[in-house]
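The structure appears below as structure tokens.
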Amino acid sequence: MSHIIYPTTNLKATETMTMERGEGVYLYDNHGKRYIEGLAGLWCTSLGYGNQELIQAASDQMAKLSFSHMFGGKTHESAMQLSDKLSAMLPMDNAQIFFGNSGSDANDTHIKMLRYYFDAIGKPEKRKIIARERSYHGITVAAACLTGLDVNHKHFDLPIDALGILRTDAPHYLHGALAGESETQFVDRITNNLEQLILREGPETIAAFIAEPITGASGVIVPPEGYYEKVQAILNKYDIFFWADEVITGFGRTGNDFGSTTMDIKPDMMSLAKQLSSAYMPISAAAVRGDMYEAMIDQSAKAGVFGHGFTYSGHPVAAAVALKTLEIYERERLFEQAAVKGEYLQKRLQAYADHPLVGEVRGKGLIAAVELMADKAAKKPFADGRVGSYMLQACQNHGLIIRVVAGSAVAFCPPLIITEAQIDEMLEAFDKALADTMAWVTAEGLM
Ligand code: PMP
């Protein structure tokens, strides 16, 4: 027995699974059973396991300078280089970066930077943030308020009203459209709802709109054509920032450098983590436009210390590993490759669209979901939570690690280094697991 309180786990669950080692896109448990990694850890291990260059980068940095904090302007080479590299990569004007340790803390940081910035420019009433239903932005107290999932609010007294989080529709046509509504009508309706919300609350009170370009943990929602164009126009009209949470979609995942590029978004702020270091070290980045940072400097000149920072902000080992990760992405042209392999994955998954258990196949690049449904025609998901658990277990039985999200959507997000042959291998296991689940669902009379 161990003394761990497991995160995001049914604490009553008695079974644990002990992972022992990893190699490339494969994981091995403590019985020596091999699994192919279908979810890149938690959407993060882009370069797979055992990458010698990353190990070396960490080891070299540990030997040279294992720790240095950044309070009071202390700095070091690896964090400076990483910030320059990111600033050059991000689809933002002269991005300035605040480093943290997780996607959640990057989002918390942004909530604070927004307030600091609007105080600086004399608009202290601009405080509210619009977040969407069916979104995931993390789990710390503030980030969980942005998250639009019940399970992360219930029993925690969240969201906290004082944070001023407003909620708008998820761009999920499958489960959000009214009967007979076309995709265009759906987009018109939900973007009109967004505009009405802004007008009701007063645009002068709203700081930002946060969105994952394509959602991850809430079900891999790919918005319909035209959605972001309309959202962006509304935000521009009312002087509200577009805050892109790219914790999953950043660094090649959607077949481009960033999800914002894929979805044609021009963000004012970005949250990055996970693939920033291929998860070899925890690190996050909260990026803002250069002119926002200029205003923050003015505010600090008046107010003194910018009172926010983590012990491990810009941790030298994490920064060195992230820098090497970005170098490998570039050298190996992994984003371009992700586009090609992503197309292959999406095409192969589409073949399951006609399966009686599959309600929808969706995705972009190397992120996808296959949603299982009790009634395809009526687009009715399974009410019985056991179906998702069964499917997950069946995948594991066949040597595939995936996650089931939003009830019964099987999420795929393999390491960017996966080959087409390995995609075939992944789907071979999925195929068998789907057949097992179909047999079980039928036997249980669940469809
Ligand atoms: N934002 C998004 C879009 C995420 O997917 C996640 C994690 N899955 C987070 C924020 C939070 O990141 P972390 O778990 O590192 O705190």
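Binning the C-alpha pair distances of the chain at 20 Å intervals from 0 yields a P(r) profile of 25, 58, 17, 0 %, listed from the shortest bin outward.
Counted by neighbouring Cβ atoms within 10 Å, the residues Glu360, Glu15, Glu330 run from fewest to most as Glu15, Glu330, Glu360.
By the equivalent-ellipsoid construction on the alpha carbon gyration tensor, region 1-90 comes out with semi-axes of 33, 19, 15 Å, ordered largest to smallest. A Förster radius of 56 Å combined with the Cβ-Cβ distance from Ala443 to Arg167 puts the calculated FRET efficiency at roughly 0.90.
Binning the alpha carbon pair distances of region 341-400 at 10 angstrom intervals from zero yields the distribution 22, 46, 31, 1, expressed in whole percent. Relative to the current alpha-carbon distance between Asp375 and Thr9, full extension at 0.36 nm per residue lengthens the span by 129.0 nm. For Lys376, the aspartates and glutamates whose Cα comes closer than 19 Å to its Cα, not counting residues fewer than 8 places off in the same chain, are Glu181, Glu183, Asp354, Glu360, Asp384, Asp431, Asp436, Glu444. Once the mean of 1/r is taken over each pair of separate Cα atoms and inverted, region 371-433 shows a Kirkwood hydrodynamic radius of 12.4 Å. Note on Lys302 and Arg189: with the Förster distance fixed at 60 Å, the Cβ-Cβ geometry gives a FRET efficiency of about 0.85. Converting the Cα gyration tensor eigenvalues of region 77-152 into ellipsoid dimensions via √(5λ) gives semi-axes, longest first, of 24, 18, 11 Å.
The rule of thumb for compact globular proteins, 2.2 N^0.38 Å, goes into the C-alpha radius of gyration of region 300-382 1.87 times. Every Cα-Cα pair of region 333-443 was included, and the share exceeding 20 Å stands at 36 percent. For region 239-375, the alpha carbon convex hull comes to 169 Å³ per residue, rounded to a whole number. Note: region 121-249, Cα convex hull, 115 Å³ per residue.
Each label was represented as a point 7 Å from its Cα along the Cα-to-Cβ direction; for Ile160 and Met17 these points are 3.5 nm apart.
For Lys154, the lysines whose Cα comes closer than 25 Å to its Cα, not counting residues fewer than 8 places off in the same chain, are Lys12, Lys112, Lys128, Lys380.
FYI, it's all coordinate maths here, none of it is from the lab. All values reported here derive from a predicted model rather than from experimental measurement. Cβ atoms come from the backbone with ideal geometry, glycine included; neighbour counts cover every protein chain shown.
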